[in-house]
Amino acid sequence: MGDEIRNSGIDVIGDIPWGTHFCQFYKAKQDLVDILVPYFRAGLEDNEFCMWITSEPLAAAEAEAAMRKAVKGFDQCLRQGQIEIIPYDEWYLLEGAFDDDRVLNGWVDKLEQALARGYSGLRLTGNMFWLERDRWRAFTEYEVRVNDVIGRHRMLAICTYCLDKCDGSAVLDVVRNHQFALVKQAGNWDIVESDIYKQAKEALLQSQETITRQRDQITNILNSMADGIYIVSQQYDIEFVNRALVAQFGAVDGRKCYQYLHDREEACPWCKNEAVFSEGRAVSWEWHSDKTGRTYDLMDVPLKNVDGSTSKLEVFRDITHRKETEQALRKSEQDLNRAQAVAHIGSWRLDVRRNHLLGSDEARRIFGMRKGTPMTYETLLSRVHPEDREYVNRKWKAALRGEPYEIEHRIIVGNETRWVRERAELEFDQQGLLQGGLGTVQDITEQKGVENELRVKDFAIASAITGIAIADLGGRVTDVNLACLSMWGYEAEGQIVGKHVSSFFAETGAAVAALSEVLEKGAWQGEASARREDGSRFDVEVSANLVTDVDDRPICVMASFVDITERKEVEQVKDEFIALISHELRTPLTVIGGCLSTVLAEWSRLPPGEVRQLLKDALLESESLSYLIENLLELTRAQAQQLTLYAEPVDVRTLIRETLSKIERQAAGHVFVASVPDGLPLVYADPLRIERILYNLLDNAAKYSSPGSQIVVSADAQPERLTIRVSDHGRGLSSDEQARIFGPFERVEDSRPDLARGAGLGLMVCQRLVEAHGGQIWVESEQGKGSTFFFTLPFHREQPGRSRN
């Protein structure tokens, strides 16, 4: 991976990429020396600028002494300014205050200065022994910003923390804000990775799998091409050969490219590697193979690899027939003149004795030279574009030594720049002395413009993420891009090309009508139901247009397709959700309004007991509405990653009793039992959120249990966690229902008409809140025998803050 991978100098870590931000927990001064000295030694050896911010127990002078002992020539590095060792109060606490913006900008400024001085990047460390508890929260927020800044620059950073100054909560904060941590266990350094770092590694693995799939797709495309193609490294190692080239030259069998194509034992003097690798440009040239007896038009282009290296891709187009045609044209002056008039190809004959190029009228026209003006080599070279002049002169000199001469370059005629293609056949005697030669020059300015325009359009169509298809005027498909193939589930163009467009849609009549409208009116836009190769259906948005030539005569029909299946599903879910929530909000409001309006209208005539019952019903419905709204708010906070826990020591036994007293008002027809032993340890949690979890589980149990049935809440403690259970004697859940019950808007079907249905949010909210506390939630159920919902809370103490969701 080239310059992006760096040697950390630490054996347990090995190589790491730029942007790595990790930490070390130490107990003694020697722990710092063991890790930081090899860390900085590797940075100095790899031409990196190094900064060591020291604090107790390892002072700046001690750090210098340790580096001097381990690194040969360290004093010279110090004098040259490749490394700076600074006490913490000269970096973090200037004027006695910690300013996170100043420190962060300082790291970036140091990096820019290092890069300007020719260093590869910045390697740094900071010892946080000086950090006191009253500054801890501000500093952890600064570490989050540091993680983001370092991840976007050529930086490596290790932050060191003294274990004796960190409690369990602080350790978790540190690990969370770094990619991984170094901890000494049983005399050895081990790596503790954060969840984010693990996810990043998994994403990298997935991206590598994607690259492999894409590479396979490209290989299939190259193997399907009629032109020969091969890829070669700068060391002449053949990395890929397509089937067309193998058919002509045989298997590679580990040979270098000059051995494979030319039967040579050393690199070819006419090789274009210099232009491709050093100059980074594409080269087009002609080559005749003695092995096949064929002549090829070669195109060499640089190919950037995933690891940053460059290979050369060469395309072999067989132009033997074209060359034979050109030779036949040279035999007949009449045919040559006719060809020049038609193809705008000029010709010239070289007169060596007089240093004259005897050019045809077309050649003079192309170069903008009046008839009678001497056509010397120097005169023609003066017409060549200044940027191409050295290239043309070098290729001509190579031709004088017997190399092929076929080049394309620019010329300047008046104020106009033209492109020309030149070819020459030079004649030599038996002693190798130049006798003369014949050449052609073709004005390809228009062709170049068309080629570039077509190349851009072809590339845009081929690489577009929108499906694009072309059909003839009879509705038969003639061409499709890769996105269209993928959208309809086909692997090759041959499975689509030649078929009528209507065969790819569920409603063939509608497709035929749309095609007719395009042919009649010139365009059609709308939505349609498409049918994939496997018979499955999906929704597409179609925009079809009639393509005409310069005389406005129809040529073909081009259509673009966008798969809108997911969008329509999202819209349907949104509509259903809005309808569901509207109903769930309206129902309690209707009851509340009815109760209150009855009380107000009939106050004087209603018995006190009935008034009290109406007010009680209104209160119960308002509490139900409040819990629904709170579930919606909790879900919204979780989705926006803004769920904040306000944790404190919680007595679960007391919290269960309080929650049961609230639910009993809502579900008076059930028997609620608390089975919680005395002496349960306190858990560090957000009491309001734990109550919401319990309430949602109890509310669900009451909804799906028969009136009068018993619902039990129990709890017990394990070594590291507390487990709470809510058990009912309801209908139970099938395995399919258990698999999806924690999803959004999932509600269990029930045949009872009087069952109060919910919004399907309660269990999803429970899951988000439990996981935010670091616990787990699950269900065990058997149809006909009831269900038990479990959730756990860890005993470890965490500082209140944002959840991990």
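The values are calculated or read from the model by the stated rules, or taken from the named source; none is laboratory data. Only a predicted model underlies this, so the values are computations on that prediction, with no experimental measurement involved. Here the Cβ is made from the backbone with ideal geometry for all residues, glycine too, and neighbour counts use every protein chain on show. The accessibility values were calculated without ligands, DNA or RNA, using every heavy atom of the protein model including side chains. Shrake-Rupley method; radii C 1.70, N 1.55, O 1.52, S 1.80 Å.
Values computed for the structure shown
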item	result
Within region 450-478, tally of residues that are open to solvent by less than 60 Å² (accessible area, probe 1.4 Å) and at pLDDT 80 or above	10
Considering residues of region 497-522 that are closer than 18 Å to residue 565 by Cβ and open to solvent by less than 70 Å² (accessible area, probe 1.4 Å) only, the residue modelled with the highest pLDDT	505
Hey, residue 51 crowded, with 16+ Cβ neighbours inside 10 Å, in contact (Cβ under 8 Å) with a residue 40 or more places away in the chain and farther than 17 Å from residue 130 by Cα or not	yes
Test: residue 381 is in a strand (DSSP E or B), surrounded by fewer than 19 Cβ atoms within 10 Å (Cβ to Cβ) and of a type in the set (A, V, I, L, M)	no
Those residues of region 384-428 which are among the acidic types (Asp, Glu), without any contact (Cβ under 8 Å) to a residue 12 or more places away in the chain and assigned to a loop (DSSP other than H, G, I, E, B), in sequence order	none
Search result, residues across region 565-604 that are at pLDDT 70 or above and open to solvent by less than 50 Å² (accessible area, probe 1.4 Å)	565, 592, 593, 594, 595, 599
Verdict on residue 641 being modelled with pLDDT of 75 or more, of a type outside the set (Phe, Trp, Tyr), under 26 Å from residue 763 (Cα atoms) and open to solvent by 40 Å² or more (accessible area, probe 1.4 Å)	yes
Matching residues, region 369-378, being touching a strand residue (DSSP E or B) at 6+ places or on another chain (Cβ under 9 Å) and either part of a loop (DSSP other than H, G, I, E, B) or surrounded by 17 or more Cβ atoms within 10 Å (Cβ to Cβ) (or both)	369, 374, 375, 376
When residues of region 701-743 are limited to those that are at pLDDT below 90, open to solvent by 40 Å² or more (accessible area, probe 1.4 Å) and outside any loop (DSSP other than H, G, I, E, B), the one nearest to residue 655 (Cα to Cα)	703
Output for region 484-496, where each listed residue is in a loop (DSSP other than H, G, I, E, B) and over 16 Å from residue 561 (Cβ atoms)	491, 492
Tabulated pairs, region 249-272, first without any contact (Cβ under 8 Å) to a residue 12 or more places away in the chain, second aromatic (Phe, Trp, Tyr), C-beta under 8 angstrom, 6+ apart or interchain	264/258; 265/258; 266/258; 268/258
Region 680-699: number of residues that are of a type in the set (A, V, I, L, M), open to solvent by 10 Å² or more (accessible area, probe 1.4 Å), part of a helix (DSSP H, G or I) and closer than 11 Å to residue 793 by Cβ	0
Filter result (of a type outside the set (A, V, I, L, M, F, W, C) and surrounded by 17 or more Cβ atoms within 10 Å (Cβ to Cβ)) within region 60-86	64, 82
Residue within region 149-160 that is free of Cβ contacts under 8 Å to residues at least 24 places away in the same chain and open to solvent by 70 Å² or more (accessible area, probe 1.4 Å) present	no
Among the candidates 249, 277, residue that is in contact with a strand residue (DSSP E or B) (Cβ under 9 Å, 6 or more places away or on another chain) and farther than 17 Å from residue 312 by Cα	249
Residue in region 345-353 that is under 25 Å from residue 397 (Cα atoms), open to solvent by 30 Å² or more (accessible area, probe 1.4 Å), at pLDDT 80 or above and assigned to a helix (DSSP H, G or I) present	no
Unmet criterion (only one of (1) at pLDDT 85 or above; (2) not in a helix (DSSP H, G or I)) for residue 261	(2)
Helices (runs of 4 or more DSSP H) lying entirely in region 65-171 (those with 3 or more residues that are within 30 Å of the chain's Cα centre (by Cα) and closer than 30 Å to residue 45 by Cβ)	100-116, 136-151
Residue in region 523-545 that is part of a helix (DSSP H, G or I) and among the aliphatic types (A, V, I, L, M) present	no
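The rows are residues; the columns are (1) open to solvent by less than 50 Å² (accessible area, probe 1.4 Å); (2) touching a helix residue (DSSP H, G or I) at 6+ places or on another chain (Cβ under 9 Å); (3) acidic (Asp, Glu).
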{"site": "292", "(1), (2), (3)": "yes, yes, no"}
{"site": "295", "(1), (2), (3)": "yes, yes, no"}
{"site": "298", "(1), (2), (3)": "yes, no, no"}
{"site": "301", "(1), (2), (3)": "yes, yes, no"}
{"site": "304", "(1), (2), (3)": "no, no, no"}
{"site": "312", "(1), (2), (3)": "yes, yes, no"}
{"site": "315", "(1), (2), (3)": "yes, no, no"}
{"site": "320", "(1), (2), (3)": "yes, no, no"}
{"site": "325", "(1), (2), (3)": "no, no, no"}
